[in-house]
Amino acid sequence: MAKLPWHINGPLHVSGRSRFIGDEAPLSGMLYAKFFFSPVAHARIIKLDLSAAKAFPGVHAVYSAQDIPGENMIGHVYKDEPLFPEDIIMFYHQPLAMVLSEDESIAEAAAGLIILEAEELPAVFSIEEADRLKQWYIPERKIERGDVADALNRSRYSIHGQSYTGGQEHFYMESQRTRAIPTDHDLIHLLCATQSTTEVQEIAAVVLGIPAHRIAVEVPRLGGAFGGKERSATIWAVMAALGAFLSARPVQVVLTRDEDMRTTGKRHPFLSKWKIGFDEDGKILAWDIELMCNGGAYADLSIAILERAMFHAENCYHIPAVRIKGRACRTNLPPNTAFRGFGGPQGMFTIESALGQIAKKLHKDPLQIRKLNCYQNGDITPYGQQIKESSALDMLNQVAQAADYQQLSKDIQDFNSSHEHLKQGLGIMPVKFGISFTTSFMNQGSALIWVYLDGSLSVSTGGVEMGQELNSKVALIVQRVLGLSFEKIRVESSHTQRTGNASPTAASTGSDINGNAARIAAEKIRKNLTELARVMLQERYEIESEELVFAEDKVFAQAEPEQSIAFPELIKRAHQTRIPLGAYGYYATPDLYFDRDLGQGHPFHYFVYGAAMARVQLNLLSGEHEITSVNIVHENGQSLHPDIDMGQVVGAFIQGMGWCTMEELVIDAKGRYLSANPSTYKIPGVRDLPRDLQVKMLNSKSAEASVFGSKAVGEPPFMYGLAVFFALQNAIQSVKPEAELSFPATPEAIVRALN
Ligand code: MTE
Ligand code: HPA
Ligand code: MOS
């Protein structure tokens, strides 16, 4: 195999040569879009007066709901979201009108002249209130096994509880943006920062009232997304498309950081109410949980996110009787959306909180209790999927060994008994994360390969590069099949004209789906070339052909590596003999189905397992903490690129740690995000990293894994961050056993818990 240290975008990023949408020179005649955003969270529109903005010198046009040529609808799975509201404003900072000008500051000034006359309506911001009012997008969902009420009654012990996890701002570096370019033959080309080219194409076509083939969506790369551009990008893309369609000029939409943070949805806050029944050893017998999420003003992906939370509500544990109910609640906040983990972290947090309480109640070792309940092969999940390759127990054993658990626990006890104002704590977070879109049909993808006449190759997939280095993985896969050196392989932008009908790059499936599609396309090319290569080897060396090898830009018989045909030579001849040098690859993940009414099926292709253990040191006076050490063990299959995967594990852990310890979204009584810029919203910085972070990647062999034995890595490690929250909880409980830490564990929350 060729040398591995290869990363397509890294050298471009560090040398400042990577370009993002909006970096290109302005096009001649290009208009900049600025918006008039709602100053109220919930209201009936009486009048939207655009006249002063329209009359402002330098303004090209002002558009609002009545200018939409097609349907005023950008909802996707659940169609409840208008591009511009016509009647009811649903959240603060909802865009109501768009101003176009060749001068961005003129557009902005003119947007400020728009006058809204509206009748304010009562607004709902909290889950509790929305749930009380039954403001759900769809009726309650349920996954159930056994008789949970009976099992709770029969359990020796039971605990009732309530858990809450907060929202999270995506904080991608590149804000939402699209450049729309009308070209000839009635096509609109969208250079768009989206994870979902297809959704943007579909919805832009509906809003403009034209066929989808007149919209081309292209994503060169994203400056980060984290789920925040799976659906939230669509509205801005469609705004740009609408502007370009109506004005017949290029239009650019780029949100500022503040606009982006005020107007886009975030991770769903979840509230859950639960009862857990268990015996004297800590074996769980019954788990009854109601999950409620704050979905914001429109359904967006809330139903799918709730579903994934429900699928992860038992985490790594086999529980005989289970009832999981879920309700997605509509509130007057920006529509909350996909965020790394997609409900998984919220579901898992609850059971891990409950397990912590079991350990406390029984005065037992929290690691032991977790080990006792781990899934074994053959166990069935509450939603009916059989567990075939559980490494949950193994992960816990390995992380305990890596962290030297016995010694660590003892050191912490010793430290705590000899310190008054400093206390240490230990947190454990096992992870089992299901891989596949839970909407089964979405698990499909395509790739297109062209080999050019000089032997260089171009590969397109529907996958979007957002920093996870999907492009490097796709190139590595093609490299493995065709034996080309990396310089010969070019991974193209994601473009609907090359790979149509792509699923979003999400659910951690990017490399499984697009990588497999690229593998299949490359295998077709290899198959097309094999007979010819045999003939050429025969002509030149009189080699009786057996197994041919494609490697090092050559083709040769396995036994005679010295006698080879150079790849470019093979390609030239292939073209002359009229052998196709292009191939389309299509992949659909096998064996997936889920019946939503029954709450039963096989929604995941496989699971990714791992575990984290964190040690923290807390200052009881200030509430500040330091993460002294973190150990992570991550089961990663046959990695396509261990360094990239390590980046994903470490990055996701830090993002998860930030979510549960410092990132706090604050709204005022009017539903306005006050934490709408980096000065009021704190994400982890270098000084917040653990003093000692050890990650052990396990090169596991798995029959269920995906392309070349690899496993998805994008989201599962996010949940390791929760180990830090539980470590802080543990430190607090060492001085005040009954204290419950609220989420996120900011210094204020810690001081509150202690007092
Ligand atoms: N890594 C970087 N650098 N930037 C991102 O935006 N998104 C995450 C994860 N890792 C993200 C990332 C999310 S939410 C997902 S679903 C996966 O990457 C998507 O890419 P993949 O499926 O190719 O792993
Ligand atoms: N994960 C991420 N995005 C999705 C999913 C999912 O399971 N389902 C639909 N969109
Ligand atoms: Mo990731 S939240 O599935 O984009």
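Karplus-derived 3J(HN,Hα) values for segment 122-128, using 6.51 cos²θ - 1.76 cosθ + 1.60 with θ = phi - 60°, are x, 10, 10, 10, 9, 4, 4 Hz; glycine and proline are entered as x. Once ligands and nucleic acids are excluded and a 1.4 Å probe is used, how much of Phe441 is accessible, expressed in Å² to the nearest 10? It works out to around 150 Å².
With q set to 0.16 Å⁻¹, the log10 of I(q)/I(0) for segment 378-523, from the Debye formula over equal scatterers at the Cα positions, is -0.89.
Rounded to whole Å, give me the distance from the Cα center of segment 545-614 to that of segment 505-535. Their Cα centres are 4 Å away from one another. Using only Cα atoms, locate the centre of segment 304-380 and the centre of segment 411-444, then give the distance between them in Å, rounded to an integer. Distance between centres, Cα-based: 12 Å. Averaged over its residues, the chain has an accessible area of 38 Å² per residue, based on protein heavy atoms and a 1.4 Å probe.
Taking max minus min of the alpha-carbon positions on each principal axis, segment 287-389 gives extents of 43, 31, 23 Å, largest first. Grouping the Cα pair distances of segment 164-262 into 10 Å bins from zero gives a pair-distance distribution of 18, 49, 25, 7, 1, 0 percent in increasing distance order. With 5 Å bins beginning at zero, the pair-distance distribution over Cα atoms of segment 560-655 amounts to 2, 7, 9, 9, 9, 10, 11, 10, 10, 8, 5, 4, 2, 2, 1, 0 %. Across segment 444-588, Cα-Cα pairs farther apart than 19 Å form 49% of the total. Here's the picture: charge each Lys and Arg Cβ at +1 and each Asp and Glu Cβ at -1 in the chain, and of Val14, Gln376, Met429 the one pushed furthest to the positive end of that dipole is Gln376. Each peptide in 580-589, 389-398, 683-692 receives the mean, over its residues, of other Cβ atoms within 10 Å, and ordering these scores from highest gives 389-398, 580-589, 683-692.
For the chain, the alpha carbon convex hull comes to 163 Å³ per residue, rounded to a whole number. Computed over segment 670-755, the percent of Cα pairs more than 19 Å apart is 62. With the helix formula -39500 (n - 2.57) applied to DSSP H stretches of n ≥ 4, the chain reaches a computed 222 nm mean residue ellipticity of -9500 deg cm²/dmol. Rounded to the nearest angstrom and listed largest first, the equivalent-ellipsoid semi-axes of segment 272-343 from its Cα gyration tensor are 29, 12, 8. Note on Lys554: accessible area is roughly 70 Å² with a 1.4 Å probe, heavy atoms of protein only. When the convex hull of its Cα atoms is viewed from all sides, segment 113-233 shows a mean projected area of 14.5 nm².
Taken about its Cα centre, segment 444-588 carries a charge dipole of roughly 540 debye when the Cβ of each Lys and Arg holds +1 and the Cβ of each Asp and Glu holds -1.
Across segment 202-218, rounded Karplus estimates of 3J(HN,Hα) from the backbone phi angles (6.51 cos²θ - 1.76 cosθ + 1.60, θ = phi - 60°) give 4, 6, 4, 5, 5, 5, 8, x, 10, x, 4, 5, 8, 10, 10, 10, 10 Hz, Gly and Pro being marked x. When the P(r) of segment 627-726 is calculated, the portion above 16 Å amounts to 62% of the C-alpha pairs.
Spatial offset of segment 691-726 relative to segment 183-259 amounts to 34 Å, using the alpha carbon center of each.
For Gly167, the residues 5 or more places off, or on other chains, whose built amide H falls under 5 Å of its own are Leu665.
Give me the percent of accessible area attributable to carbon and sulfur for segment 444-588, probe 1.4 angstrom.
Carbon and sulfur atoms account for 47 percent of the accessible area of segment 444-588.
Taken over segment 1-101, the percentage of Cα pairs per 10 Å bin, counting from 0 up to the bin with the maximum distance, is 12, 29, 24, 17, 11, 5, 1. With a cut-off of 9 Å between beta carbons, the residues surrounding Gln176 carry a summed charge of -1, where Lys and Arg count +1 and Asp and Glu -1.
The values are calculated or read from the model by the stated rules, or taken from the named source; none is laboratory data. What you are looking at is a predicted structure, and each value in this text was computed from that prediction instead of being measured. We place every Cβ from the backbone using ideal geometry, glycine too, and count neighbours over all the protein chains shown. Just so you know, the surface numbers come from the protein's heavy atoms only, side chains and all, with ligands and any DNA or RNA stripped out. Shrake-Rupley method; radii C 1.70, N 1.55, O 1.52, S 1.80 Å.
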